[in-house]
Amino acid sequence: MRIAVGSDHGGVPLNASVIADLRRLGHDVVDLGTHDATQPDDYPDVAAAVAERVRSGDCERGIVICGSGVGAAVAANKIEGIRAGVCHDTYSAHQGVEHDDVNILSLGGRVVGSELAMELARTFVAAKFSGEERHRRRLAKIQALERQFGSAK
């Protein structure tokens, strides 16, 4: 699977671990940085870069990492077609994909350790959207909200 991964300065340590683990598993990882935790940057920029790779179809999924995971998820969700979820447990990491067709995993570099982050990324990448009628119906409602209100409003 082709996966875009990016972090701000708060996610640097996890970023390297997650990328290395996904590559070890044979995934094609697009590394969108950052790699220097001493240089403050802005999570909306990283989230937008990852989200654009997913939205365009260049990557099947994305992973964003900031201090808590929340800001990057909020920013990524402003991009049309993106469904980013903050996950700090494996159930949410697979259920978000299976039920909600989440296409970007957001992690908190100051919330989870590297072992858990790698487990969450593996779980997220391995999960598949169920396609069950109730989940398709709910996804259609989310897409209708996006059309009605616009993700950037």
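The values are calculated or read from the model by the stated rules, or taken from the named source; none is laboratory data. All figures in this text were calculated on a predicted structure; none of them were measured in a lab. Cβ: placed from backbone, ideal geometry, glycine included. Neighbour counts: every protein chain shown.
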Any chance residue 151 is at pLDDT below 95, part of a loop (DSSP other than H, G, I, E, B) and over 13 Å from the mean Cα position of the chain (by Cα) = yes
Output the number of the condition that residue 58 fails; it satisfies all remaining conditions of (1) within 22 Å of residue 22 (Cβ to Cβ); (2) charged (D, E, K, R); (3) part of a helix (DSSP H, G or I).
-> (3)
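Every residue, every condition in (1) outside any loop (DSSP other than H, G, I, E, B); (2) under 14 Å from the mean Cα position of the chain (by Cα), yes or no:
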{"site": "79", "(1), (2)": "no, yes"}
{"site": "112", "(1), (2)": "no, no"}
{"site": "125", "(1), (2)": "yes, yes"}
{"site": "131", "(1), (2)": "no, no"}
{"site": "136", "(1), (2)": "yes, no"}
{"site": "143", "(1), (2)": "yes, no"}
In the stretch 8-34, residues that are among the charged types (D, E, K, R) and either under 15 Å from residue 110 (Cα atoms) or touching a residue at least 40 places away in the same chain (Cβ under 8 Å) (or both) total 2
Taking first residues from the stretch 53-67 that are within 17 Å of residue 13 (Cα to Cα) and second residues anywhere that are assigned to a loop (DSSP other than H, G, I, E, B) and of a type in the set (Gly, Ala, Ser), the pairs with Cβ under 8 Å that are 6 or more apart or on different chains are 65/109; 66/109; 67/109
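What residue, among those in the stretch 81-110 that are of a type in the set (A, V, I, L, M) and outside any helix (DSSP H, G or I), is surrounded by the most Cβ atoms within 10 Å (Cβ to Cβ)?
Here is the first cut: in the stretch 81-110, the ones of a type in the set (A, V, I, L, M) are 82, 84, 86, 93, 97, 102, 104-105, 107.
Those still in the list that are outside any helix (DSSP H, G or I) too: 82, 84, 86, 102, 104-105, 107.
Values: 82: 23, 84: 27, 86: 20, 102: 25, 104: 28, 105: 33, 107: 29.
Only one residue fits best here, namely 105.
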Looking at the stretch 29-44, is at least one residue hydrophobic (A, V, I, L, M, F, W, C), modelled with pLDDT under 95 and farther than 18 Å from residue 126 by Cα?
-> yes
Pick from 72, 37: which is part of a loop (DSSP other than H, G, I, E, B), surrounded by 16 or more Cβ atoms within 10 Å (Cβ to Cβ) and either in contact (Cβ under 8 Å) with a residue 24 or more places away in the chain or aliphatic (A, V, I, L, M) (or both)?
-> 37
